[in-house]
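Below is one structure, written out as structure tokens, with a few remarks after it.
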Amino acid sequence: MNQRQLFLRHVAQTSDAPLALEIVKAKGMQMEDVNGKKYLDLIAGISVCNIGHCHPKVVKAISRQAGLYQHLMVYGELVQSPQVEYASLLASQLPSSLNCVYFTNSGAEATEAAMKLAKRATGRTNIIAFNQSYHGTTQGALSLMGDEYWRNAFRPLLPGVLHADYNDFGMLDLVDQHTAAVFIEPIQAERGVIAPQKKWLTALRKRCKEQGALLVVDEIQTGFGRTGELWGFANYKLVPDIILLGKALGGGQPLGALVANRQLLQLFASGPVLGHITTFGGHPVSCAAGLAAFKVLLKEKYHREVKEKERLFRVLLQHPAIKEVRSAGLLIAVEFADFATNKKIIDACIDKGLFTDWFLFAPQCMRIAPPLIITKNQVRKAAKLILQVLDEVHKYA
Ligand code: PLP
């Protein structure tokens, strides 16, 4: 049996039609399959590989740390320099109130921990999330998910979770003295890249403050330069009470985090002690990798080039088959008539060596969220291939 057959037999599947491409190496913007075919990566492992695959500085940091020490003890008991250095660097790049980091294993675990922290801090029971939001698929995070299709099979979910419409001024009244927190993405990525109205987000920030509810901003997909700012919330000139990090945080290794004020996070240390505890959260190898990747991003300032590359994609991606292009930096949704059309286009792109996919709540939209290191020539090449595919698909539609 070959690897693909063993994969289908012994590795649990999450869909009935996995891509099942066998990638044997990945470097920079490129992935290579078992047959030597190369793919230009347009999705960066879903906004993970922001500085590309296997950056030499990240590889070096991983092997150095792997040889020094790996797992020593559950989170929080020992001084581990990759955690300390990374937390300090993150704090230096955030507003002064966001000065303390709790590292987790994943984005979903950061969501879980933030839900608990909000309840513990406010003594309140309710959490507000948005329709078509995505914060992970563990039980608590799934309770926040804004789509009944994805939630329903796993009921009962958490009580006290209220769903509201994004960009709806009417929802502000839902935030009241029972609200522990409002969880929000600064861009609704999986809805097909929907941005908040600045006025609405400002009003939501104000309403949370007035009512004593915490504003939790999920930067798991938008952080680390994806939108052209280091953090998605920086586009709206507001300061959250808690931010959630994941994906690019680990530089390709598994890592999540919540960042808040030290006083707030200190609540996990008492009443009860060990308020959130995790064996592998903040793994030293993951922290070393993430730290190295973040240093590269800050030094090379790839996020500063994001808007220009976004504009280039937008200028080039013009075709009668495209209904709309929505974007927030290098998080781009290209909308087609329906999922069937999109799937045909995506499959043809993969065939031509362009790796892309769709969005969870917007299957009619193609995802373009490449590593931020993509060059302008690679943007042109990708757009040209997409347009070629569109001509072919359009002709036979
Ligand atoms: N929040 C957002 C906005 C995400 O995009 C994701 C993952 O796609 C998560 C949370 C969950 O992160 P993880 O898959 O690491 O649990």
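Would you point out the residue of region 244-253, among those that are within 12 Å of the ligand (Cβ to nearest atom) and assigned to a strand (DSSP E or B), that is most open to solvent (accessible area, probe 1.4 Å)?
Q253
Give N152, N167 a once-over and let me know the one that is free of Cβ contacts under 8 Å to residues at least 40 places away in the same chain, among the polar types (S, T, N, Q) and on the phi > 0 side of the Ramachandran plot.
N167
Scan region 213-243 residue by residue and report those that are surrounded by 23 or more Cβ atoms within 10 Å (Cβ to Cβ) and more than 16 Å from the ligand (Cβ to nearest atom).
The answer is A213, L214, D241.
Which ones in region 130-159 are within 14 Å of the ligand (Cβ to nearest atom) and of a type in the set (G, A, S)?
The answer is S133, G136, G140, A141, S143, G146.
Within region 47-70, work out how many residues are over 27 Å from H135 (Cβ atoms) and assigned to a loop (DSSP other than H, G, I, E, B).
Of the residues in region 47-70, 4 are over 27 Å from H135 (Cβ atoms) and assigned to a loop (DSSP other than H, G, I, E, B).
Mind listing whichever residues of region 103-129 are of a type in the set (S, T, Y) and within 15 Å of the ligand (Cβ to nearest atom)?
Of everything in region 103-129, those that are of a type in the set (S, T, Y) and within 15 Å of the ligand (Cβ to nearest atom) turn out to be T104, S106, T111.
Of everything in region 69-113, what is of a type in the set (F, W, Y) and surrounded by fewer than 23 Cβ atoms within 10 Å (Cβ to Cβ)? Give them in sequence order.
Y69, Y75
E185 passes all but one of (1) more than 16 Å from the ligand (Cβ to nearest atom); (2) touching a strand residue (DSSP E or B) at 6+ places or on another chain (Cβ under 7 Å); which number fails?
E185 satisfies every listed condition except (1).
The values are calculated or read from the model by the stated rules, or taken from the named source; none is laboratory data. Model, not experiment: these values are computed from the prediction. Using ideal geometry, Cβ is built from the backbone for each residue, glycine included, and neighbour counts are taken over all protein chains shown. Calculation scope for accessible area: heavy atoms of the full protein, side chains included, ligands and nucleic acids excluded. Shrake-Rupley method; radii C 1.70, N 1.55, O 1.52, S 1.80 Å.
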